[in-house]
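The values are calculated or read from the model by the stated rules, or taken from the named source; none is laboratory data. What you see is a predicted model; the values in this text were computed from it and never measured. Here the Cβ is made from the backbone with ideal geometry for all residues, glycine too, and neighbour counts use every protein chain on show. These area figures cover heavy atoms from the full protein model, side chains too; ligands, DNA and RNA do not enter into them. Shrake-Rupley method; radii C 1.70, N 1.55, O 1.52, S 1.80 Å.
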Amino acid sequence: MHRSSLEADPDLLRLVIDRFENGDAGEAIDAILADAERPDVVLNDLFGVGQDGWYTLVSDAIDGDCLDIGPGFGRHIHLLEALADTVYALEPDPLRLRFLHARARGIDVVPVRGAENDIPFEPGSFDTVIAREDPADSGPFCDRIDRLSSLLAADGSLVIELDGITRASGLTRLAGLETANAGRSFRSLSGLSQSLLPRYASSLERAGFESVQWYAICPTGRWFEWIIPLDGTATDWLLASQRPSSTYGQLLHATATAASRLGALKHLYPTYLAVCEKTGRSGESETTEVLRRGATRSIVFELSDGTIQRVRKPPNDPRHAHFNERAASVLSHLYAGPTSFTETLPAVSLEESATGPVLVDEPMQGDPLRTTVQPRTLREDPQYFDQVLRTGLEWIEQLHDGFSGEIKCFSPEQAQKTLSIEALDFVPPLPSSPVRYRSVPQHGDFHPGNVVVDESGSITTVIDWEYAAFRANPVADPAFYALKLAEYAYGDFERGIHRCFVESTPQSRVIYDRLGSFCAEASIDPETFAHYVGSSFVEQISTHFEADTPYQHHTTPRNKLATLEFLYVHVETVRDRLSRQVPDRPISALRSD
């Protein structure tokens with residue numbers, strides 16, 4: 001059984017469970033951050049629902065009464081509950097079961113004490129059974145499958161994760177593809193034959209499953225990154241689309257490519273997912289679906305003849321559904337803009353699903369700007385740095401010019417409150433004077449990774465609008481773009497801030513020259529720009545607390561908070577240096593027409 005890193009400290013585990021049972025999630029998170037050896041790993045194990053996005057890829061096989069065997073702490077149960085009618089979560093560990101009960105409040109999930117080898121249900125009770133890696137005492141695989149199959153109704157489905165031979169033998173751990181799990185044991189040489197793909201397939205066929213769809217779960221580090229069907233089309237596409245930058249990554253990619261050409265790769269994946277149905281499927285899909293993990297939404301690439309036909313982004317938790325709604329709503333307003341601008345917007349639509357609206361998009365034409373530039377070149381060539389910075393700022397100017405709105409005025413106290421994050425006790429410095437700006441649309445996550453360019457460097461599309469707003473402050477996008485460009489150039493956010501915003505360097509002179517021109521053109525005074533310089537980070541953090549998403553408990557918002565706090569240590573420097581670039585301009589320059 002896989003043990004969470006939280007279980008390495010039983011006292012901390014009990015404390016965390018006590019807090020959650022009492023509804024004190026914030027105190028539980030604080031305890032983990034203070035006392036866990038690896039709080040990032042613990043919080044991801046508990047709340048990183050992106051790891052469970054693969055359920056949406058096989059959602060057609062999950063319905064009716066569902067038995068979820070070994071759900072652990074139940075990170076995925078909200079997603080599973082949206083797909084099935086009722087979920088029975090069978091968990092043998094009493095502490096995990098307590099956590100499950102606390103987590104299942106208000107949803108149709110029934111935690112049940114029990115183990116796979118002693119299931120307290122009658123045969124034929126379930127429409128869907130979900131099982132994970134082999135329990136230590138599960139016995140021969142064929143016996144295990146017979147036992148699980150007997151629980152299914154006549155037309156039921158079994159969805160099961162299976163260790164491949166490379167994982168069962170510990171090779172993936174040695175290769176750095178996963179972190180050793182506390183309490184995890186690996187199979188002996190005599191038992192490794194059970195982990196061979198043909199043995200799995202023959203056992204499932206013998207158990208009477210007429211249809212078995214096979215997927216490979218591909219990891220990067222501790223967690224999965226891709227799930228692909230076991231066919232040549234998906235494998236070839238994935239290998240062709242990956243461009244590893246590290247020497248180790250390139251070696252691993254070359255090894256996988258060679259194994260694929262020899263027909264061996266499908267037998268060497270660390271983990272498989274088998275979707276087994278007692279009644280055969282009618283017809284075959286015209287497309288092959290490949291899923292990539294995402295923080296709030298999974299990314300599903302629909303392939304035909306090895307080419308992406310469209311991209312779907314299903315929520316990986318029902319509580320993340322509003323991100324797609326938000327993106328589609330803002331983009332629907334922007335489509336009314338001039339053609340020269342709207343052709344850089346993704347053509348999206350929404351499709352309904354059990355987990356919430358799915359954002360459907362066309363495949364992007366070009367490459368993310370970040371992948372086309374080298375950090376070293378940005379550091380060594382100020383003109384090149386200026387070119388990349390200007391590319392983003394000019395697009396933002398088009399966004400603002402076509403859709404400017406009403407003028408917003410705030411007292412220093414009001415302005416401070418707009419950027420405060422009560423849930424994390426963050427309060428920005430008080431501005432020295434009132435702030436005033438004209439509201440504009442905001443992308444909300446505008447950085448070189450979300451800007452797609454063609455071979456000439458021209459923007460073809462700007463992607464990932466889940467943090468967008470149609471009316472926001474005009475500083476968020478230009479500031480965030482400049483900050484993330486600095487981070488990318490120097491490989492670290494704090495170093496990037498020092499080199500591009502604090503110290504006198506060629507890159508900092510480029511930054512302030514370009515931002516100064518931007519502010520002068522938009523009538524943004526330095527005080528206002530400095531105050532809102534971190535507003536994209538604030539929005540990316542706050543939205544999870546306001547919408548009560550599971551991501552609010554993750555380490556990512558807290559890492560962004562640390563970034564935000566560091567940034568505002570230097571806010572006076574940003575204001576003062578920007579003041580030298582922006583000519584004195586009265587607030588009345590903000591026309592009210």
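Think of the stretch 442-528 as having a plus end and a minus end, set by charges on the Cβ of Lys, Arg, Asp and Glu; of Gln507, Leu485, Ser458, Gln507 sits farthest toward the positive end of this dipole.
With point charges of +1 on the Cβ of Lys and Arg and -1 on the Cβ of Asp and Glu, referenced to the Cα centre of the chain, which listed residue (Phe20, Tyr568, Gly114) lies farthest in the positive direction of the dipole? Comparing the listed Cα positions along the dipole, Tyr568 ranks first. To test your reading of the geometry: what angle, between 0 and 90 degrees and rounded to tens, separates the Cα axis of helix 321-334 from the longest principal axis of the chain? Here the helix axis deviates by roughly 40 degrees.
Per-residue Karplus couplings for the stretch 31-37, computed as 6.51 cos²θ - 1.76 cosθ + 1.60 with θ equal to phi - 60°, are listed in order as 5, 5, 5, 7, 10, 6, 5 Hz, Gly and Pro entered as x.
At the residue level, Ile407 shows approximately 40 square angstrom of accessible surface with a 1.4 angstrom probe and all protein chains present. Before anything else, pin down the relative contact order of the chain: Cα pairs under 8 Å, at least 6 apart, normalised by residue count, whole percent. Relative contact order of the chain: 11 percent.
Here is the list for the stretch 364-465: GluC sites (Glu not before Pro) lying in DSSP coil, each with at most 13 other C-beta atoms within 10 angstrom of its C-beta, are Glu406, Glu455.
All alpha carbon pair distances within the stretch 200-323 were sorted into 5 Å bins beginning at 0; the resulting P(r) in whole percents reads 2, 9, 16, 20, 20, 16, 10, 4, 1, 0. So how tilted is helix 555-569 from the main axis of the chain? Cα-based, degrees 0 to 90, rounded to 10. In the chain, helix 555-569 runs at an angle near 20 degrees to the longest axis. Taking every alpha-carbon pair under 8 Å whose residues sit at least 6 apart, the stretch 459-593 reaches a relative contact order of 29 percent. Take Tyr532: with every protein chain present and a 1.4 Å probe, its accessible area is about 10 Å².
Summary of packing: across the peptides 561-572, 263-274, the per-residue average of other C-beta atoms within 10 Å ranks them, highest first, as 263-274, 561-572. Relative contact order of the stretch 463-507, taken over Cα pairs closer than 8 Å and 6 or more residues apart, is 20 percent. Could you work out the local net charge near Tyr467, counting Lys and Arg as +1, Asp and Glu as -1, over the other residues with Cβ closer than 13 Å to its Cβ? Around Tyr467, the charge tally is -4. For Ile107, the accessible surface of its heavy atoms amounts to roughly 40 Å² (probe 1.4 Å, protein chains only, rounded to the nearest 10). What's the angle, to the nearest 10 degrees (0 to 90), between helix 535-546's Cα axis and the longest principal axis of the chain? Relative to the chain, helix 535-546 is tipped by roughly 40 degrees.
With the helix formula -39500 (n - 2.57) applied to DSSP H stretches of n ≥ 4, the chain reaches a computed 222 nm mean residue ellipticity of -11500 deg cm²/dmol.
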